[in-house]
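Report on one structure; see the data block that follows.
The values are calculated or read from the model by the stated rules, or taken from the named source; none is laboratory data. Everything quoted here is computed from the prediction, not taken from an experiment. Cβ atoms come from the backbone with ideal geometry, glycine included; neighbour counts cover every protein chain shown. The accessibility values were calculated without ligands, DNA or RNA, using every heavy atom of the protein model including side chains. Shrake-Rupley method; radii C 1.70, N 1.55, O 1.52, S 1.80 Å.
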Amino acid sequence: MNHAERTAAFEEFARARAQHLHRSAWLLCGNRADAEDLVQETLAKVYVRMHRMLAPKLENPAAYAQTALTRTFISARRRRSSGELPYADLPDRAVGDHATAADLRLSLADALAELAPVDRAVVVLRYLEDLSVEEVAGMLGLSPGAVRNRSMRALARMRERSLR
Amino acid sequence: MKDHELGSLMDRSTRDLPVDVEGLVAGGSARGRAALRRRRLGTALAAAGATAAVTVGIVAAPSLLAGGPVPREIVEAGPASASAGDPDATHGAVEQPARPDRPLRHAAAELPSIVMTALGAPVTSASVLEDAKHPLWDEAREKIVHFRWKGTLTTVMITPAHRSATCAELAAPDALPTLDGKAGAELPTRDPQECRVVDGLQVLVSPAYDLPVKAQGAQAWNHGYVVSVTSYNVPDGKNPDGSEDVPPVMDQPAIPMDRLIDLVTSEAWFA
């Protein structure tokens, strides 16, 4: 496959997958600007992987992209100072018919924001992506037991918050 | 809240999120091209391109010509440089914001004229590239531009710092994890990169390596951005047919390292 064909394959994949990645990214980041940034970083990693000359063919680019997205998010959060808030990001606002979904989104974002980044990633992978404990463990480099514990802890915290 | 309810809630709440698919694809492609170039040329810097600009560099020039960066208060006197991965790599550096704390002054297409003016070269001698291999990236807080000078390629990139690894991490690429379980050590062999403190700023110095294509660069962490300038001794990283045996047009990269450091630590990029 030459460079042009690899680029065409990447663009086809990216167009098909961008919306899905954006949903995960939004839940992880809690705002549109950071989510878009995260998706672009993720797609860049997929681009590099697809264009590497000697690399074997990417068998499951969707799984690769999801792993890249989650790890990029966690790495970025580790580098940031803890508790830092984006200085210029406004929450997505409810508009017209989307008001209910938007309200729901903001409540969910608030609940997720209280979780540690790794716990947030576990919840998104388990419940939005519907991945098994073993798959999540493989993506995040955790043991299955750690994923179960983090998942239970995160759910308990979210339940606690919903009762406030 | 039960497990299946959470999944349903996440699905419903994000199903109608507005998303600019084409913008995401374009952004991912541009960043991917830049990252690929960085890997292939073995620099810790990046890439992308645009059209020539002539006039704004004159406005920006005085701060560069007058001796580079604006003096900063040095928190603590420290060594002029530190080796990769050394905890002292940030010793003496002024603490920087994690995210951009001010706008950038110029459009991407105007950046080459700033470089030319600082080098004392006619601003018209820079020929900005803008094609599929060298896309111009011109957002409020992110600028990437490629241009030719003396027949060689130069890349200027300014990106938000929170998106980059730290200076120490880039100087010790073995410490950076990759998705393939390999470290950044798969970059070509060359002299080690070094994280220095210059005028209170952390600066990553990436010397030229000994391959047919030579590139050297510097990048500085300043005002929540990473400013990087890379200079090559070839017109491009690849030939038009995709082969990588590009004939060099000079022995060394066109811009010397000391000028690269002056450039990346300059305040001329910022409003």
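Residue A:103 to residue A:146: extension gain in nm, 0.36 nm per residue of separation minus the Cα-Cα distance?
Additional length available on full extension: 12.3 nm.
Loop-located GluC sites (Glu not before Pro) in segment A:21-68 (DSSP state other than H, G, I, E, B) with a sparse environment of at most 15 neighbouring Cβ atoms within 10 Å: A:59.
The B-A contact accounts for approximately 4500 Å² of buried accessible area, totalled over both chains at a 1.4 Å probe radius.
Over the whole of A:33-42, what's the average partner chain Cβ count within 10 Å per residue? Rounded to a whole number, please.
That average works out to 5.
Neighbouring Cβ atoms from other chains, within 10 Å of the Cβ of residues in A:15-28, number 4 on average.
Report the calculated FRET efficiency for residue B:20 and residue A:153 (r = Cβ-Cβ distance, R0 = 45 Å), to the nearest 0.05. Could you put the intermediate results ahead of the total?
Details: r = 35 Å, r/R0 = 0.78.
Efficiency for this residue pair is about 0.80.
All C-alpha pair distances within segment A:1-81, sorted into 10 Å bins from zero, spread as 19, 50, 25, 7, 0 percent across the bins. The fraction of accessible area contributed by carbon and sulfur in segment A:99-164 is 52 percent, rounded to a whole number (1.4 Å probe; ligands and nucleic acids excluded).
Applying a DSSP loop filter and a limit of 16 other Cβ atoms within 10 Å to the trypsin sites (Lys or Arg not before Pro) in segment A:44-77 leaves A:52, A:57.
For segment A:1-81, the carbon plus sulfur part of the accessible surface works out to 51%, probe radius 1.4 Å. Neighbouring Cβ atoms from other chains, within 10 Å of the Cβ of residues in B:153-165, number 2 on average. Distance between the pseudo-spin-label points of residue A:52 and residue B:267 (7 Å out from Cα toward the beta carbon): 4.3 nm.
Using a probe of 1.4 angstrom and keeping all protein chains present, the accessible surface of segment A:1-81 works out to 42 square angstrom per residue.
Label positions at residue B:252 and residue A:59, each projected 7 Å from the Cα along the C-beta direction, are separated by 4.9 nm.
For segment A:103-120, heavy-atom accessible area (probe 1.4 Å) falls by no less than 40 Å² from the chain alone to the full protein assembly at A:104, A:105, A:108.
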